[in-house]
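Enquirer: Submitted below is the structure of interest, expressed as structure tokens.
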Amino acid sequence: MAPVRVAVIGAGFAGLAAAVQLKRQGIESFTVYEKAGDLGGTWRDNTYPGAGCDIPSHLYSYAFAPYRDSRIRYPGQPEVLQYLRAVARDHGVERHVRYGTEITAARFDDRRGHWTLHTADGGTHTADVVVSAVGQLHLPNVPHLPGAEDFAGAAFHTARWDHGHALDGRSVAVVGTGSSAAQVVPAIAGRVRRLYVFQRSANWVLPKPGARFHPALSLLLRTVPAAHRAYRSMLFRRSEAVLLRALRRNRLIGSLLRTMALRHLRAGVPDPGLRARLTPDFTVGCKRIVLSSDWYPTLARDHVDVVTEPIERVTEKGIETADGVHREVDTIVYATGFRTTEFLAPMTVTGRAGRALGEVWRGGARAYLGIHVPGFPNLFLMYGPNTNLGHNSVILTLEAQAVHIARCVALLASRAAAGNGPVMEATPQALDAWQRRVDEGSAGTVWAGSCTSWFKTGDGVLTNNWPYRTTLYQRLTARPDPDAFRFPQPRSTAESADDLHHVPD
């Protein structure tokens with residue numbers, strides 16, 4: 001096959017999966033551009049106290065690289081990062097990674113049929129194929145609160161944790177009550193003098209199963225590959241059978257989950273007034289379900305206050321709410337998640353005829369298979385629109401996308417070897433048919449409810465989640481469908497200077 005120059009942007013779970021699958025297709029002409037000095041993506045950035053995974057480790061891992069540390073059921077941030085480093089090392093990916101290189105813009109050259117990448121330091125690189133593996137969890141969502149710039153204390157987002165700032169004996173405000181808050185609040189509550197948790201809306205919370213495996217089961221999973229595969233399969237099938245049905249409005253399962261969540265709330269919070277404030281007013285699953293066994297008991301502690309009044313403004317010494325109450329704090333922690341619906345931001349992407357992807361997506365992000373956008377040839381998205389899983393491990397989606405993309409690149413290499421243009425682009429018809437299918441499925445889920453969530457845009461458009469079985473997505477992405485693409489010839493085959501292949505010997 002003729003070499004096709006591939007640029008992978010991002011070295012987290014998605015980027016590493018793409019790199020491994022490219023190598024499996026015999027493609028070595030790729031570079032992974034990573035803006036930071038280390039790989040790991042969101043698992044490199046989120047180092048706040050208590051940071052960890054709420055998906056079982058045996059499912060939150062690649063099928064081609066089983067997670068062998070079977071002592072703990074849910075890995076912490078250090079364990080996940082260590083796993084990713086091992087994958088990169090064991091699969092020969094490290095030599096392809098160029099660290100400290102932030103891609104700020106990508107522009108398609110209609111005449112030459114390749115992409116030009118611009119970096120934050122003013123450099124440029126060219127590639128035939130661009131794989132965006134920046135994900136949905138890399139831009140912290142910091143709320144624009146009036147007066148925030150006047151605050152005299154320390155203020156930071158959980159994804160930008162200030163480890164040089166000691167919390168011991170301080171009065172701390174945590175803004176947000178989602179998954180990151182449910183991890184960080186119990187982790188710091190024992191160290192602080194006073195803790196205010198500012199809640200915009202309550203979340204449904206289910207207990208998190210025991211962290212550690214029985215020693216005998218741990219030994220079995222570590223030493224018997226068949227047992228490991230069977231356990232992973234059980235976790236997968238249980239999620240497909242139970243959680244997806246709840247998300248698709250199965251009344252029985254939804255009622256059972258609601259009963260479990262309310263029982264968990266009653267057990268952890270004796271005060272009926274606080275329980276009322278912590279009881280959501282929407283269907284279970286409309287927002288991401290929080291898994292925690294110590295969230296409720298922490299909120300019930302004497303020095304912890306849950307504040308449900310809206311924040312009016314931040315002052316030099318604290319936070320004032322809409323009821324006029326001012327609470328003095330030394331530290332503000334924003335546990336407010338990420339700008340998940342701003343796919344690819346802040347990178348600007350320009351396709352055919354100077355079309356900006358941000359403009360194309362102004363009404364909500366859409367992509368065929370969540371991977372291809374008409375008008376943007378040879379641009380492949382990972383963890384793109386409508387590919388997040390609300391019922392299973394997103395690593396399954398990322399692997400399916402990586403396999404699909406690697407096969408597309410192999411197809412382009414074969415076309416180049418035959419003297420044809422190595423360019424492919426999804427058709428508008430393929431995207432429209434795909435989006436109709438996704439929208440029809442989404443309309444039948446609890447996500448379409450009235451709650452606000454990171455699954456939706458500000459206008460309520462569901463742009464993030466996949467509403468069907470994971471196995472269906474895997475099947476639909478297994479091999480590229482020729483009828484869904486056009487293969488245009490570049491107007492010129494002229495080559496330009498290129499330094500993409502900076503792969504050390």
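Enquirer: Among the residues of the range 412-440, what is the count of those that are over 17 Å from Leu476 (Cα atoms) and among the hydrophobic types (A, V, I, L, M, F, W, C)?
Expert: Qualifying residue count for the region: 7.
Enquirer: Just for the range 259-313: of the residues that are over 27 Å from Leu247 (Cβ atoms) and of a type in the set (Lys, Arg), which one is nearest to the chain's Cα centre (by Cα)?
Expert: It comes out as Arg313.
Enquirer: When only residues in the range 63-113 that are modelled with pLDDT of 95 or more and of a type in the set (Phe, Trp, Tyr) count, which is farthest from Val130 (Cα to Cα)?
Expert: Tyr83
Enquirer: Moving to a separate point now. Identify all residues within the range 325-353 that are in a loop (DSSP other than H, G, I, E, B) and at pLDDT below 95; write none if there are none.
Expert: Gly337, Arg339, Thr340, Thr341, Glu342, Phe343, Leu344, Ala345, Pro346, Met347 - these are the residues of the range 325-353 that are in a loop (DSSP other than H, G, I, E, B) and at pLDDT below 95.
Enquirer: Scan the range 452-463 for residues that are within 16 Å of Arg248 (Cα to Cα) and assigned to a loop (DSSP other than H, G, I, E, B) and jot them down.
Expert: Phe455 - this is the single residue of the range 452-463 that is within 16 Å of Arg248 (Cα to Cα) and assigned to a loop (DSSP other than H, G, I, E, B).
Enquirer: Evaluate the following for Val306: is it part of a strand (DSSP E or B) and in contact with a helix residue (DSSP H, G or I) (Cβ under 6 Å, 6 or more places away or on another chain)?
Expert: Yes.
Enquirer: Inside the range 219-241, can you point out the residues that are free of Cβ contacts under 8 Å to residues at least 12 places away in the same chain and among the small types (Gly, Ala, Ser)?
Expert: Ala226, Ala227, Ala230, Ser233, Ala241 - these are the residues of the range 219-241 that are free of Cβ contacts under 8 Å to residues at least 12 places away in the same chain and among the small types (Gly, Ala, Ser).
Enquirer: Follow-up. For residues that are among the small types (Gly, Ala, Ser) and assigned to a strand (DSSP E or B), scanning just the range 153-184, find the one that is surrounded by the most Cβ atoms within 10 Å (Cβ to Cβ).
Expert: Looking at residues that are among the small types (Gly, Ala, Ser) and assigned to a strand (DSSP E or B), I get Ala173.
Enquirer: I would also like to ask the following. What number of residues within the range 222-254 are of a type in the set (Gly, Ala, Ser) and either in contact with a Phe, Trp or Tyr (Cβ under 8 Å, 6 or more places away or on another chain) or more than 22 Å from Gly178 (Cα to Cα) (or both)?
Expert: So in the range 222-254, the residues of a type in the set (Gly, Ala, Ser) come out as 226-227, 230, 233, 239, 241, 246, 254.
Subsequent filtering for residues that are either in contact with a Phe, Trp or Tyr (Cβ under 8 Å, 6 or more places away or on another chain) or more than 22 Å from Gly178 (Cα to Cα) (or both) retains 226-227, 230, 233, 241.
Total meeting the criteria: 5.
Enquirer: In addition: From Leu206, Leu219, which residue is among the aliphatic types (A, V, I, L, M) and either more than 30 Å from Val333 (Cβ to Cβ) or touching a Phe, Trp or Tyr at 6+ places or on another chain (Cβ under 8 Å) (or both)?
Expert: Criteria check complete, one pass: Leu219.
Enquirer: I would also like to ask the following. Sort out which residues of the range 221-259 are among the basic types (Lys, Arg) and part of a helix (DSSP H, G or I), and write them in order of number.
Expert: Listed by number, the residues that qualify are Arg222, Arg229, Arg232, Arg237, Arg238, Arg245, Arg251, Arg258.
Enquirer: Among the charged types (D, E, K, R) and either surrounded by 13 or more Cβ atoms within 10 Å (Cβ to Cβ) or not assigned by TED's automatic domain parsing to the domain that holds Ala367 (or both), is that true of Arg479? I'd like the intermediate steps shown before the answer.
Expert: Details: among the charged types (D, E, K, R): yes; either surrounded by 13 or more Cβ atoms within 10 Å (Cβ to Cβ) or not assigned by TED's automatic domain parsing to the domain that holds Ala367 (or both): no.
No; evaluated as a whole, the condition is false for this residue.
Enquirer: How many residues are in a helix (DSSP H, G or I), out of contact with any helix residue (DSSP H, G or I) (no Cβ under 6 Å at 6 or more places or on another chain) and in contact (Cβ under 8 Å) with a residue 60 or more places away in the chain if we restrict to the range 185-218?
Expert: Residues that pass the stated criteria total 4.
Enquirer: Among Arg232, Arg238, Arg249, Arg258, which is farther than 19 Å from Ser171 by Cα and surrounded by 18 or more Cβ atoms within 10 Å (Cβ to Cβ)?
Expert: Arg232
Enquirer: Among what's in the range 482-505 and is at pLDDT 95 or above and assigned to a helix (DSSP H, G or I), pick the residue that is surrounded by the most Cβ atoms within 10 Å (Cβ to Cβ).
Expert: It comes out as Ala484.
Enquirer: Separate question: Pairs under 7 Å by beta carbon, first residue within 18 Å of Asp481 (Cα to Cα) in the range 426-444, partner at pLDDT 95 or above and assigned to a helix (DSSP H, G or I), six or more apart or different chains?
Expert: Note: pairs meeting the criteria are Ala426/Ala484; Thr427/Ala484; Ala430/Ala484.
Enquirer: Could you grab me the full set of residues in the range 1-19 that are over 21 Å from Asn388 (Cβ atoms) and either out of contact with any strand residue (DSSP E or B) (no Cβ under 9 Å at 6 or more places or on another chain) or among the β-branched types (Val, Ile, Thr) (or both)?
Expert: Result: Met1, Ala2, Pro3, Val4, Val6.
Enquirer: For Pro270, which of the numbered conditions (1) farther than 27 Å from Gly449 by Cα; (2) not in a loop (DSSP other than H, G, I, E, B) fails to hold?
Expert: (2)
Enquirer: Is there a residue being in contact (Cβ under 8 Å) with a residue 24 or more places away in the chain and within 21 Å of Lys456 (Cβ to Cβ) anywhere in the range 307-316?
Expert: The answer is yes; a qualifying residue exists.
Enquirer: Look through Ala181, Ala241 and report the one residue that is closer than 23 Å to Tyr60 by Cα and at pLDDT 95 or above.
Expert: Ala181
The values are calculated or read from the model by the stated rules, or taken from the named source; none is laboratory data. From a predicted model like this one, the values you see are computed outputs, not experimental measurements. So basically every Cβ, Gly included, is an ideal-geometry build from the backbone, and we count neighbours across all protein chains shown.
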